[in-house]
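In what follows, a single structure is set out as structure tokens and then discussed.
The values are calculated or read from the model by the stated rules, or taken from the named source; none is laboratory data. None of these values were measured; they are calculated from a predicted model. No Cβ is skipped: glycine too gets one built from the backbone with ideal geometry, and neighbour counts run over all protein chains shown. These area figures cover heavy atoms from the full protein model, side chains too; ligands, DNA and RNA do not enter into them. Shrake-Rupley method; radii C 1.70, N 1.55, O 1.52, S 1.80 Å.
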Amino acid sequence: HRVLIYYQPIFDIKPKCVCHYEALLRIPDGDIILAPAALIHAAERSKNIFELDMLIMEQVIKDLARLTESGNDAKFSVNVSGISFQQPALVGRIRQLLSLHRVDSQKLICEITETAAIQDVALTTQVMQELRQSGVQISLDDFGVGFSSIYYLKHFPFNQVKIDGS
């Protein structure tokens, strides 16, 4: 199967405008589009999730570069697995891709789920700080499905928190 990246606009209700676009991985299957849960689960089990995350990250950054060249000042957010947040090469690879495609790091938002963030709090915090020092924004995704502790909200260096709809 091929994979596609859809860009969903994220609307800010106060200024009434699109504040950024979230990259969503989708898998076409005939006339329907599948969510990527099975692919992501398989990539995690086979220890290939970091490579998948980096392939998606590269495509998102390329798309962002093309959009920026056309005069659009959009930001893109992309989900990064908790396993990838544990990889020492993550920050360097993201910096390299941003530099290679001449994309302003402030136009990229890395999202990590609450559940993944608390797997290794010290390491996750360090990676988040390194990304933020590079100008990349950090978003906590799905807050409210996992541990849901205000403690972590005070200690992780997030730029934004997305509360789970449930």
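Taking the convex hull of the alpha carbon atoms in the chain, what volume per residue do you get, in Å³? The partial results should precede the final answer.
Working: hull volume 22.8 nm³, N = 166.
Per-residue hull volume (Cα only) is 138 Å³.
Could I have the simple spin-label model distance between K47 and K62, label points 7 Å from Cα toward Cβ, reported in nm to one decimal?
Result for the modelled spin labels: 2.8 nm.
Can you give the FRET efficiency for L34 and D12, using 1/(1 + (r/R0)^6), R0 = 41 Å, r = Cβ-Cβ distance, to the nearest 0.05? It would help to have the intermediate numbers written out before the result.
Values: r = 29 Å, r/R0 = 0.72.
Given R0 = 41 Å and the Cβ-Cβ separation, E is 0.90.
Farthest toward the dipole's positive end in the stretch 1-64, which of G30, Y7, C17, given Cβ charges of +1 (Lys, Arg) and -1 (Asp, Glu) about the Cα centre?
Most positive-ward Cα: C17.
Report for the chain the percent antiparallel among DSSP-assigned beta bridges with both residues inside it, nearest 5. Write down the numbers at each step before the final one.
Values: 12 of 27 bridges.
Antiparallel bridges: around 45 percent, rounded to the nearest 5.
Let me check something: with ligands and nucleic acids excluded, how do C110, C19 order by accessible area (1.4 Å probe), largest to smallest? Can you show the working numbers first?
Working: C110 0, C19 55 Å².
Greatest to least solvent exposure: C19, C110.
If exposed trypsin sites (Lys or Arg not before Pro) are those in a DSSP loop with at most 11 other Cβ within 10 Å, what is the longest stretch of the chain that has none?
103-166
Provide I27, I10 ordered by accessible surface of protein heavy atoms (probe 1.4 Å), highest first.
I10, I27
Classify the stretch 27-101: rounded, prolate or oblate, from the alpha-carbon gyration tensor (a ≥ b ≥ c, eigenvalue square roots; a/c under 1.5 rounded; otherwise prolate if a/b is larger than b/c)? Write down the numbers at each step before the final one.
Working: a/c = 2.78, a/b = 1.21, b/c = 2.29.
It is oblate, given that a/c is not under 1.5 and a/b is not larger than b/c.
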